[in-house]
Amino acid sequence: MTTKNKALESWVTEVAALTKPDKIHWCDGSETEKKTIITEMVKAGSLIPLNEQSHPGCYLHRSDPSDVARTEHLTFVCSKNKDDAGPNNNWLDPKEGHTKIDALFAGCMKGRTMYVIPYCMGPIDSPLARCGVEISDSPYVVINMRIMTRMGNQALARIEREGIFVKGLHSTGDLSPERRFIMHFPEELTIKSIGSGYGGNALLGKKCHALRLGSWQAKTEGWLAEHMLIVGIENPQGERHYVAAAFPSACGKTNLAMLIPPQVYREKGWKVFTVGDDIAWIHPGKDGRLYAINPEAGYFGVAPGTAAGTNPTALNMLNKDAIFTNVAVTKDMQPWWEGLTKSAPEGLTDWQGRHWEAGKGPAAHPNSRFTVSAKQCGSYTPAAEEPAGVPLSAIVFGGRRKELAPLVVESVSWAHGVFMGASVASETTAAATGAVGVVRRDPMAMQPFCGYNFGDYWSHWLSIGKKHNNLPKIFHVNWFRQDKAGKFMWPGFGDNMRVLEWILKRCAGKGEAVRTPIGYLPTTDAINTDGTGLTTETMRELLSIEAPAWKSEMNGIKEYFDKFGTRMPTELISEHKRITNELNS
Ligand code: OXD
Ligand code: MN
């Protein structure tokens, strides 16, 4: 097969000349193609069939133990001007980047098949969607991209119609972290990734295209590419409101996107619909509202902690046609991970294929994942295919903070909302290599994903506020506050519905709140706690702010903002001053 698009055809020829594959396969996205690739992978031992009775069509893939998470220190933005990448990115001059990485690509596909994977991010007929082509020597990438994107003939047809596509070149190389790089060339709409087969490094449609290059394109074109879930909430009157929420990796985005309301809410007729769990492309509409699409077609979710009690919707969608990466398996070949059952079953095999016993560390890798089609989700809504996207009523930012940040707070203006997003901090998780549990700044949950200078990114957010007049309200939440004994104070999961209800009330001009220096806080009894057993004292603490701690937080934020020098928007400095003054008075 080949293509009518000359640029694509000559790029494929050029890449083949560099990487020297044995074969070239153009992916059509068909069922037959999927079956053939899976059969070959099973034969080669890189996919292990799971229990056909309990998990039909499900497979386990085990990664190289050194390749189980995103590697932020090996990820680069190669813009022409270093300041355009900003202090939030590793930078290399584009020429140097190409030379360095092309040397690693030379001959790397010898003995392998080179797959050409056309894909579309977003509903195939949506004007907001964008296409790309990933060239990869990994069949694991092909079967994952088939779930995570609209992949194959339809995407190629759109590329041939429009003539525009993002180029993504990927090879697992020799999997050595010494020869692993994930490079982005935003001015050339090009990605080059070598040495890793891990989702965020290798499924180039996801973080590399939809966020790093996407955010760059969004700035140029007047929209937003964000690390956000999109959830629809229907009240008993049948009115549906959509909320987009940004949380750092592995902080519960999938759980919030698939939330099951508490019984008292379900009885009254509240319903939740999932549009996306990780990425939102948000465009201003003619009516001044913001409309969001989920550029992805599937979920690449964190397995540990997913259980009947925490996210039954996610658990139920994993019973068929799912790919599991780095989970443990039971004696009868069912997938298992920490948190799935109260105690570990006898005779587990761990994520590295070794016999597992209690005390030997986790059986599943803490960043083990599932890949599954969005259509298998019990709360799936056809609104996820809406070409124009869904209108947003609220934007929510959040992080994982043991202390300081209250359960929920509403910004007093768009600029203050941008300030809230820009000053998000969160404890690190296993989704990236490095220490876990260390508080770091993660503005808009985009620290690993913003493809350009955060200073310019915040200015872009502020400019959206100036240009459009029917914008969602902005909130900050923290589900993770702990008491003195180290216990989580808020039940989380389905009970987060109670906070969403208050948020939607505020959007409708209702809901009790008090104005504080850091924004509007719910009054102690403004959030419905019926059936939770939470005391007024706990709610008071969850909704309180301590001035001394906040003053020192403001110092930390100032220090962080100073890193962005002249690119720092003055509006955010003014917000900082205003809040500091209010805290002092
Ligand atoms: C992800 C991540 O995989 O954020 O979604 O790391
Ligand atoms: Mn993510």
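Each reported figure results from applying straightforward, stated rules to the coordinates on display, with no laboratory input. Everything numeric here is computed off the predicted structure, so don't read it as measured data. Please note: Cβ atoms are built from the backbone with ideal geometry, for glycine as well, and neighbour counts cover all protein chains shown.
Among Lys505, Lys563, Lys95, what is the fewest-to-most ranking by other Cβ atoms within 10 Å?
Working: Lys505 17, Lys563 14, Lys95 10.
The order, fewest Cβ neighbours first, is Lys95, Lys563, Lys505.
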Quiz prompt | Residue-wise HN-Hα coupling along segment 433-450, computed from phi with Karplus coefficients 6.51, -1.76, 1.60 (Hz; x: Gly, Pro) | solution = 5, x, 5, 9, x, 8, 6, 9, 5, 9, x, 6, 6, 10, 3, x, 10, 6
Exercise. Only Lys, Arg, Asp and Glu count, each charged at its Cβ (+1, +1, -1, -1), so figure out the dipole size of segment 234-333 about its Cα centre, rounded to 20 debye.
Key: 160 debye
Quiz item: From the residues Ile117, Ala106, Leu92, which one has its Cα farthest along the dipole of segment 88-142 in the positive direction, the dipole being from +1 and -1 charges on Cβ of Lys/Arg and Asp/Glu about the Cα centre?
Solution: Ala106
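How do the peptides 286-294, 257-265 rank, highest first, by the average count of neighbouring beta carbon atoms within 10 Å per residue?
257-265, 286-294
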Quiz item: Which ³J(HN,Hα) values in Hz, rounded to whole numbers, follow from the phi angles of segment 201-206 under the Karplus curve 6.51 cos²θ - 1.76 cosθ + 1.60, where θ = phi - 60° and Gly and Pro get x?
Solution: 8, 10, 7, 5, x, 6
Quiz prompt | Shape category assigned to segment 419-469 from the gyration tensor of Cα positions, a/c cut at 1.5 | solution = prolate
Quiz item: Which of the listed residues, Met317, Gly200, His460, is farthest toward the dipole's positive end in the chain, when Lys, Arg count +1 and Asp, Glu count -1 at the beta-carbon?
Solution: His460
Exercise. Please list the non-local residues whose amide H lies under 5 Å from the amide H of Cys450, H modeled 1.01 Å from N, same-chain partners needing a gap of 5 or more.
Key: none
Quiz item: Are any of the pairs Lys43/Lys331; Lys82/Lys110; Lys467/Lys558 more than 30 Å apart by Cα-Cα distance, and if so, which?
Solution: Lys82/Lys110
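Within 10 Å of each candidate Cβ there may be at most 16 other Cβ atoms; applying that plus a DSSP loop requirement, which GluC sites (Glu not before Pro) in segment 7-103 survive? All intermediate terms of the calculation are to be shown ahead of the outcome.
Details: sites: Glu9, Glu14, Glu31, Glu33, Glu40, Glu52, Glu72, Glu96; in loops: Glu52.
Sparse-neighbourhood loop GluC sites (Glu not before Pro): Glu52.
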Self-check item: Distance from segment 309-354 to segment 173-197 (C-alpha centre basis), Å
Solution: 31 Å
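Kindly work out what percent of the DSSP beta bridges joining two residues of the chain are antiparallel, to the nearest 5. Please list the in-between numbers first.
On the way: 61 of 95 bridges.
Taking every DSSP beta bridge within the chain, about 65 percent pair in antiparallel fashion.
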Quiz prompt | Estimated FRET transfer efficiency when R0 is 35 angstrom, pair Thr566-Ala435 (beta carbons, to 0.05) | solution = 0.65
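Of the trypsin sites (Lys or Arg not before Pro) in segment 335-384, which ones lie in a loop per DSSP and count no more than 13 other C-beta atoms within 10 Å? Intermediate values should be presented prior to the final figure.
Working: sites: Lys342, Arg354, Lys360, Arg369, Lys375; in loops: Lys342, Arg354, Lys360.
Qualifying residues, ordered by number: Lys342, Arg354, Lys360.
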Exercise. May I ask you to work out the translational diffusion coefficient for segment 22-130 at 20 °C, viscosity 1.002 mPa s, via Stokes-Einstein with Rh from the Kirkwood sum over Cα pairs, reported in whole µm²/s?
Key: 118 µm²/s
Quiz item: Residue by residue through segment 57-64, which ³J(HN,Hα) values in whole Hz follow from phi under the Karplus form 6.51 cos²θ - 1.76 cosθ + 1.60 (θ = phi - 60°), with glycine and proline marked x?
Solution: x, 9, 9, 10, 10, 10, 7, 4
Quiz item: Roughly how many Å is it from the Cα centre of segment 260-291 to that of segment 466-534, as a whole number?
Solution: 16 Å
Exercise. Just add up the charged neighbours of His468: K/R +1, D/E -1, any other residue whose Cβ is under 14 Å from the Cβ of His468.
Key: +4
Practice problem: Return the lysines within reach of Lys466: Cα separation strictly under 23 angstrom, same-chain partners fewer than 8 residues apart disregarded; answer none if there are no such residues. | Solution: Lys219, Lys286, Lys577
Practice problem: Sticking to Cα atoms, compute the Rg of segment 292-332 to one decimal and its Dmax as the biggest Cα-Cα distance, whole number, in Å. | Solution: 12.1, 43
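If you place +1 on the Cβ of every Lys and Arg, -1 on the Cβ of every Asp and Glu, and leave all else neutral, what size is the dipole of segment 277-329 about its Cα centre, to the nearest 20 Debye?
On the way: 3 positive and 5 negative charges, 20 e Å.
My answer is approximately 100 debye.
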Practice problem: Name the long-range amide H neighbours of Trp26: under 5 Å, sequence gap of 5 or more, or other chain; modelled H, no Pro or chain starts. | Solution: Val116
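I need Trp11, Trp337 ordered by Cβ neighbour count within 10 Å, fewest first.
On the way: Trp11 18, Trp337 26.
Lowest to highest Cβ neighbour count: Trp11, Trp337.
Counting Lys and Arg as +1 and Asp and Glu as -1, what is the net charge of the other residues whose Cβ lies under 13 Å from the Cβ of Val424?
Values: positive: Arg400, Arg401, Arg440, Arg441; negative: Glu226, Glu427, Asp442, Glu553.
Net of charged neighbours comes to 0.
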Quiz item: Which whole-angstrom value gives the distance between the alpha carbon centres of segment 1-34 and segment 45-91?
Solution: 22 Å
Quiz item: So what's the chain giving for Rg/Rh, alpha carbon basis, Kirkwood Rh from the mean inverse pair distance?
Solution: 0.95
Quiz prompt | Whether segment 1-42 is rounded, prolate or oblate, judged on the alpha carbon gyration tensor where a/c under 1.5 counts as rounded | solution = oblate
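What is the Cα convex hull volume of segment 258-349 when expressed per residue in Å³?
Working: hull volume 12.2 nm³, N = 92.
Cα-based convex hull of segment 258-349, divided per residue, equals 132 Å³.
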Quiz item: Reachable aspartates and glutamates from Lys484, Cα under 16 Å, same-chain residues fewer than 8 places away excluded?
Solution: Glu403, Glu537, Glu541, Glu546
Quiz item: What size of dipole, in debye to the nearest 20, comes out for the chain about its Cα centre when the only charges are +1 on Lys and Arg C-beta atoms and -1 on Asp and Glu C-beta atoms?
Solution: 340 debye
Quiz item: From the square roots a ≥ b ≥ c of the eigenvalues of the alpha-carbon gyration tensor of segment 230-271, which class results: rounded (a/c under 1.5), prolate (a/b over b/c), or oblate?
Solution: oblate
Quiz item: Ranking Glu541, Glu178 by Cβ neighbours within 10 Å, fewest first, what do you get?
Solution: Glu178, Glu541
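How long is the gain from His468 to Arg161 if the chain were fully straight, where each residue apart is worth 0.36 nm and the alpha carbon distance is subtracted?
Details: separation 307, 0.36 × 307 = 110.52 nm, distance 3.15 nm.
Once the chain is fully extended between His468 and Arg161, it gains 107.4 nm.
Can you give the extra length, in nm with one decimal, that the chain gains between Lys82 and Glu187 once fully stretched, where that is 0.36 nm per residue apart less the Cα-Cα distance? Present the calculation step by step, with values, prior to reporting the outcome.
Working: separation 105, 0.36 × 105 = 37.80 nm, distance 1.26 nm.
Separation in residues times 0.36 nm, less the Cα-Cα distance, equals 36.5 nm.
Stretched out fully, how many nm does the piece from His73 to Ala17 gain, at 0.36 nm a residue minus the Cα gap? Please list the in-between numbers first.
On the way: separation 56, 0.36 × 56 = 20.16 nm, distance 2.95 nm.
Taking His73 through Ala17 to full extension adds about 17.2 nm, to one decimal.
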Quiz prompt | GluC sites (Glu not before Pro) restricted to segment 205-279 and DSSP loop, no more than 16 other C-beta within 10 Å | solution = Glu239
Quiz item: Which value in deg cm²/dmol, rounded to the nearest 500, describes the helix-derived mean residue ellipticity at 222 nm for the chain, given -39,500 (n - 2.57) per DSSP H run of n ≥ 4 and division by the residue count?
Solution: -8500 deg cm²/dmol
